[in-house]
Amino acid sequence: MIQENSQAQSVKIKPHFSFFQILSLSMGFLGIQFGYALQNANASRILQTFGADIEQLSWFWLAAPITGMIIQPIIGHYSDHTWTKLGRRRPFFLVGAILAAIALILMPNAGVFANVLPAMFIGAGFLMIMDASFNVAMEPFRALVADMLPVDQSTLGFSIQTFLIGIGAVIGSWLPYVLAEWVGISKVATNGGIPDNVVFSFYIGAAVMIVTILWTVFTTKEYSPEEMSHFNPNNEAVPEETIRFSNIFRDIAAMPKTMKQLGLVQFFTWIALFGMWVFTTPAVAQHVYGLAVGDTHSMKYQEAGNWVGIIFGVYNAVAMVYALLLPVIAHKIGRKLTHSISLTAGAIGLLSIYFITTPTTLIFSMIGIGMAWGSILSMPYAILAPALPIRKMGIYMGIFNIFITVPQIVNGLFGGMIVKRLFDSQAIYALIMSGCFLLIAAISVLWVEDKIQINHKHEEI
């Protein structure tokens, strides 16, 4: 009994962070999402410009989830057991940011390498490198927030992270349009290449990513392994054998119940998001701008692509503001119901695009999508973090990414074929399917076990 009490007294509570400290903790995520937004809004346009058919688009986008599924658990595992002068998480997202910046510079210039391979395949290769690098940088940021913040600040921490993601995504999504319409940089593709406004946007994205990552690296001091052991409720040191790579598979088999339940929610969520990112540009070009299937070089197509960047920026702006409201809403009605309502709003937004015929009206659809996106980036992680053992935070955050990548791979393999062969290449139907998937996710989240909510009820009793 005396031994148990002494052990309980040795457990320390993580100190609370100020708003600015939490902001600096996730500042690098702003740069990552800046680059990610450029990829999401422009990759399909770049690949189609280089000759990709609409059926092939989702196949090329497979590079992203496949690399993520492989890399994130590995990065999570090794970041749990790595300690350098920069800490254990920071070295990984610093290296990832440098590699992603290089890929951002190279992708719109894929045509330069056309004498080696067709530009379409070079572009797809750079897309793979870019997304692999994003994943190297991204996963440790999720674990860093869980490492550094006490449990009662976790929802706030992930919400602020989503706020910063929103800022980066808005600027990244809008930048090609702003450079073309406000700065006067050419938006006309010459000689089958990529317009200058898109090329310079990718250059700026690379610079922003490096600067914001360095901000987090130099303003955040990670807890040492000894300090982390004092925050562990079981006060367990990490045994030496856990550094073996083979134990990743053991951790997958032993994942907590909450994580398994969230896996189903994530499956339907991310199969929907993948369809939206891949097919929004052709859907808007065909359904709203009235372009024929295969028209990918006209000025009107470039205008449609620029406008997709604007509306993607709108949903990210909504997500940015909505993320700050999520802690208050979740406190009132619970995190599960908050996430369910948000996903339903996103489903309504996607389904409404079918009834829209003017570009500006698409902004209203983006409000619901923004609510869903803001919740997707924070609520699942806020629900998951309290259910995970603190000494395995990195590996489980990495494994959790499998529930994000697998549905994207499924959509990537079959989405393009379904659109082309079942819907005669009318991409709008991909967005309708995505809306239906979000509705299923909204229902399934209601059955997830939320540890904090359960503990709170027990305390009241």
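For beta carbons closer than 6 Å, sequence separation of 6+ or different chains, a first residue in segment 97-125 that is in a helix (DSSP H, G or I) and a second that is surrounded by fewer than 16 Cβ atoms within 10 Å (Cβ to Cβ) and of a type in the set (D, E, K, R), there are no qualifying pairs.
Looking only at segment 325-361, how many residues end up being touching a residue at least 12 places away in the same chain (Cβ under 8 Å) and of a type in the set (Phe, Trp, Tyr)? The qualifying residues number 1. Which of the numbered conditions does Ile160 fail, given that it passes all the others? Conditions: (1) surrounded by 23 or more Cβ atoms within 10 Å (Cβ to Cβ); (2) closer than 17 Å to Asn42 by Cα. Status for Ile160: all satisfied but (2). Here Ser186 does not qualify as surrounded by 22 or more Cβ atoms within 10 Å (Cβ to Cβ) and either over 24 Å from Thr280 (Cβ atoms) or small (Gly, Ala, Ser) (or both). For segment 80-96, the set of residues classified as in a loop (DSSP other than H, G, I, E, B) and either farther than 16 Å from Ala137 by Cβ or in contact (Cβ under 8 Å) with a residue 24 or more places away in the chain (or both) consists of His81, Trp83, Lys85, Leu86, Arg88, Arg89, listed by residue number. For beta carbons closer than 8 Å, sequence separation of 6+ or different chains, a first residue in segment 281-308 that is over 19 Å from Leu175 (Cβ atoms) and a second that is assigned to a helix (DSSP H, G or I) and among the polar types (S, T, N, Q), the qualifying pairs are Pro282/Ser44; Pro282/Gln48; Ala292/Gln286; Val293/Gln286; Thr296/Gln48; Thr296/Thr49; His297/Thr49. Here segment 353-366 is the region considered, the condition is being in contact with a Gly (Cβ under 9 Å, 6 or more places away or on another chain) and crowded, with 19+ Cβ neighbours inside 10 Å, and the residue that is nearest to Val314 (Cα to Cα) is Met366. Counting residues in segment 356-366 that are within 30 Å of Tyr78 (Cβ to Cβ) and among the aromatic types (Phe, Trp, Tyr) gives zero.
Flag set for Gly416, criterion: surrounded by 12 or more Cβ atoms within 10 Å (Cβ to Cβ), assigned to a helix (DSSP H, G or I) and modelled with pLDDT under 90. Do we have any residue at all in segment 157-171 that's in contact with a helix residue (DSSP H, G or I) (Cβ under 8 Å, 6 or more places away or on another chain), aliphatic (A, V, I, L, M), modelled with pLDDT of 85 or more and under 13 Å from Ile22 (Cβ atoms)? Yes, some residue in segment 157-171 is in contact with a helix residue (DSSP H, G or I) (Cβ under 8 Å, 6 or more places away or on another chain), aliphatic (A, V, I, L, M), modelled with pLDDT of 85 or more and under 13 Å from Ile22 (Cβ atoms).
The set of residues in segment 284-325 that are small (Gly, Ala, Ser) and either over 22 Å from the mean Cα position of the chain (by Cα) or surrounded by fewer than 23 Cβ atoms within 10 Å (Cβ to Cβ) (or both) comprises Ala285, Gly290, Ala292, Gly294, Ser298, Ala304, Ala317.
With the condition kept exactly as written, say whether any residue in segment 40-63 is part of a helix (DSSP H, G or I), in contact with a helix residue (DSSP H, G or I) (Cβ under 7 Å, 6 or more places away or on another chain) and modelled with pLDDT of 85 or more. Yes, segment 40-63 contains at least one residue that is part of a helix (DSSP H, G or I), in contact with a helix residue (DSSP H, G or I) (Cβ under 7 Å, 6 or more places away or on another chain) and modelled with pLDDT of 85 or more.
The values are calculated or read from the model by the stated rules, or taken from the named source; none is laboratory data. Quantities reported herein were computed from a predicted structural model and do not represent experimental measurements. Don't worry about glycine lacking a Cβ; one is built from the backbone with ideal geometry, like all the others, and counts go over all protein chains shown.
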